[in-house]
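These notes concern the structure reproduced below.
The values are calculated or read from the model by the stated rules, or taken from the named source; none is laboratory data. Predicted model, so just to flag it, every value in this text is computed and none were measured. As a convention, Cβ positions derive from the backbone with ideal geometry for all residues, glycine included, and neighbour counts pool all protein chains shown.
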């Protein structure tokens with residue numbers, strides 16, 4: 001048996017060598033701009049090079065090489081995701097096995113905990129409190145796992161509760177200010193009033209769906225957080241009693257009321273809000289630009305995300321996007337950390353906004369961009385993000401949490417399944433994944 005295992009391992013090593021999966025080395029002079037005496041840093045990003053986002057990453061690396069000329073040389077590789085989200089992730093997974101990870105790589109925010117727990121990334125070199133304070137709190141929180149900072153976001157994102165100003169005016173509704181959002185109970189009363197207007201337009205008070213994929217947990221986890229619930233405990237390793245809590249049952253029942261009262265459609269309706277037939281819509285920050293450029297007749301506004309009736313001002317609104325991290329295989333953690341800071345810093349954030357309309361990750365970047373001072377909708381989104389932003393659950397079982405969240409809402413709201421039963425079943429699935437991390 002022992003001989004068989006050794007033979008199998010030897011065969012695997014031969015295969016890895018044959019397909020070129022061993023970590024490659026680069027000599028000074030082998031790449032244009034890489035000079036003698038400089039330390040080589042490889043970096044992988046998840047986008048296509050000729051996209052707006054890809055061009056931003058290329059320019060950031062070029063500016064890094066100019067600023068650190070003679071000390072470091074960063075060499076960027078573009079590994080785009082495919083339609084199902086693979087491609088880049090597949091490359092990472094294969095490289096973990098072969099030991100061919102780069103010095104720095106991009107990680108989607110919700111996956112940072114899993115990457116850290118599984119030894120794909122390592123904590124960054126020491127970063128001063130002053131340096132950390134330049135980033136939004138949500139960025140630092142997202143990148144921290146087990147009290148260690150692993151990643152810094154290149155960008156940030158959020159979701160807005162958008163409203164049609166003309167419909168609310170007709171319904172006689174005034175919106176609250178940013179620090180006094182409508183509660184669940186108050187929002188039901190608002191929806192009942194605007195429904196009288198949207199019914200005449202053959203629409204709905206609320207444009208809301210539960211799409212398969214990451215959007216559902218991104219958009220609607222704030223309902224659970226602001227209503228006293230959570231999706232995983234603070235260790236990221238316990239779901240029972242948390243994901244299936246009584247608070248979460250209550251929140252799901254609230255969603256059920258939105259449908260049973262006729263405030264939302266059971267099936268998705270394309271461009272319901274954009275056609276002027278819905279009073280409200282939950283959507284990403286990109287919706288503002290979409291309306292401004294393609295639906296100019298819609299008088300759009302941003303109202304604060306609604307909260308549970310007993311909300312006490314805690315952070316709860318959606319955040320999270322791609323970040324840069326140092327891989328576990330880098331032998332130059334100081335250089336990798338410098339590259340991570342550069343790729344996520346002020347100038348990179350300004351560039352990402354200018355070219356791709358991705359929100360920056362630093363306060364200074366926002367302060368230097370006029371639209372976040374002058375445009376009421378972008379100003380509201382930034383305020384929400386900076387004061388109330390809350391990262392998605394930090395757990396190595398995040399994919400199972402996200403999928404279960406979407407399935408529970410769809411099954412309970414659209415199909416009428418019992419919330420507690422569905423939550424309990426989800427806990428079983430999440431626990432099955434967590435066993436590898438909790439079993440010692």
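Mind checking which residues of the stretch 201-231 are more than 19 Å from the chain's Cα centre (by Cα) and farther than 16 Å from residue 274 by Cα?
Answer for the stretch 201-231, where residues must be more than 19 Å from the chain's Cα centre (by Cα) and farther than 16 Å from residue 274 by Cα: 227, 228, 229.
Within the stretch 391-440, which residues are within 19 Å of residue 238 (Cα to Cα) and outside any helix (DSSP H, G or I)?
Of everything in the stretch 391-440, those that are within 19 Å of residue 238 (Cα to Cα) and outside any helix (DSSP H, G or I) turn out to be 391, 392, 393, 394, 395, 396, 397, 439, 440.
Assuming residue 387 fulfils every condition listed in (1) part of a helix (DSSP H, G or I); (2) closer than 30 Å to residue 97 by Cβ apart from one, which condition is it?
(2)
Just to be sure, is residue 258 touching a strand residue (DSSP E or B) at 6+ places or on another chain (Cβ under 7 Å), assigned to a helix (DSSP H, G or I) and crowded, with 17+ Cβ neighbours inside 10 Å?
yes
Going by the conditions given, is residue 310 in a loop (DSSP other than H, G, I, E, B), at pLDDT below 95 and either in contact with a strand residue (DSSP E or B) (Cβ under 8 Å, 6 or more places away or on another chain) or surrounded by fewer than 21 Cβ atoms within 10 Å (Cβ to Cβ) (or both)?
no
Criterion first (loosely packed, with under 14 Cβ neighbours inside 10 Å, at pLDDT 75 or above and touching a strand residue (DSSP E or B) at 6+ places or on another chain (Cβ under 9 Å)) does residue 39 satisfy it?
Here the answer is no, as residue 39 does not meet what is asked.
Run down 96, 61, 107 and say which single residue is at pLDDT below 95, assigned by TED's automatic domain parsing to the domain that holds residue 326 and not in a loop (DSSP other than H, G, I, E, B).
96
Look at residue 67 and say whether it is loosely packed, with under 14 Cβ neighbours inside 10 Å and either touching a residue at least 60 places away in the same chain (Cβ under 8 Å) or closer than 19 Å to residue 333 by Cβ (or both).
In short, yes.
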